[in-house]
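A short reminder: the numbers here are calculations on the coordinates, not readings from a lab. Only a predicted model underlies this, so the values are computations on that prediction, with no experimental measurement involved. Please note: Cβ atoms are built from the backbone with ideal geometry, for glycine as well, and neighbour counts cover all protein chains shown.
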């Protein structure tokens, strides 16, 4: 498979046949070791937090969005869970994960029940009017997932935009908005969850399934999903960012300083590589 290229601040994970850990190059070993120390120092703070010297950092999550943030055996794990542990360690604060349904995260932030949302939140004008977004940590977009056997039919962007194409999406996601605004002529099918969409795709009832990049990367890199294939050509431009309450400039500046330092040191890419082993094809 071909490598997709790079986002401005973060490399797209390299194509791999399975979920093995990436082997760092020698010149990156020191940074990766530093990252491990950073994230594992607070790794025990998975539930209601662990020991710490500073005040609790209440991180709002909706742990049903693998690989960004999800729950496994009672533990909050994933890309943003690792980042949250690193943030708490960097700020000298005790980490507390506050679980909420996704639609309740911003209201909980506004009510002061949590300090920051770190849960695969994309920047939108509507959300930006209610919260203070930190600088984006990842640039993503909606991607298409097709059956591997249909690569010749739907392996190019202009092919999936055909009027007779049948497209599926998950309700109440950016994928739904994309289909409504950009594919008005397509026959569209809404699903309550990703698994329902995948079953329909495999059964041939839809031609492709649209979802956010982290979800498609995860599915495309899963050895159990070899019959499906992800296309890398962003159908939209979206940015994932953390959100704090309007007016909480002190915390926002601390988060942005920490994030900028991690980007300079290249500490974010290994975390993403760990959670998103991916195979992709360029589609034009």
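Fewest Cβ neighbours within 10 Å first, please rank 126, 269 accordingly.
By the 10 Å Cβ count, ascending: 126, 269.
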message = As an exercise, use a Förster radius of 30 Å and the Cβ-Cβ distance of residue 205 and residue 128 to find the FRET efficiency, rounded to the nearest 0.05.
response = 0.20
note = Taking 206, 106 and counting other beta carbon atoms within 10 angstrom, the fewest-first order is 106, 206
query = What shape does region 215-269 take by its C-alpha gyration tensor, where a ≥ b ≥ c are the square roots of the eigenvalues and a/c under 1.5 counts as rounded, a/b above b/c as prolate, and the rest as oblate?
reply = prolate
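Using alpha-carbon pairs under 8 Å, 6+ residues apart, how would you state the relative contact order of region 194-284 in percent?
43 percent
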note = At R0 = 41 Å the Cβ-Cβ FRET efficiency linking residue 110 and residue 195, nearest 0.05, sits at 0.80
ask   = So if we plug the beta-carbon distance of residue 187 and residue 103 into 1/(1 + (r/R0)^6) with R0 = 35 Å, what FRET efficiency do we get, rounded to 0.05?
value = 0.80
note = A correct fewest-to-most ranking of 199, 85 by other Cβ atoms within 10 Å would be 199, 85
ask   = According to the square roots a ≥ b ≥ c of the eigenvalues of the Cα gyration tensor, what is the shape class of region 84-144, taking rounded for a/c under 1.5, prolate for a/b larger than b/c otherwise, and oblate for the remainder?
value = oblate
request  = Rounded, prolate or oblate: pick one for region 168-207, where a ≥ b ≥ c are the square roots of the eigenvalues of its C-alpha gyration tensor, a/c under 1.5 means rounded, and failing that, prolate if a/b is larger than b/c, else oblate.
outcome  = oblate
key: Principal axis dimensions, region 149-271 - Cα atoms, whole angstrom, descending   = 51, 31, 26
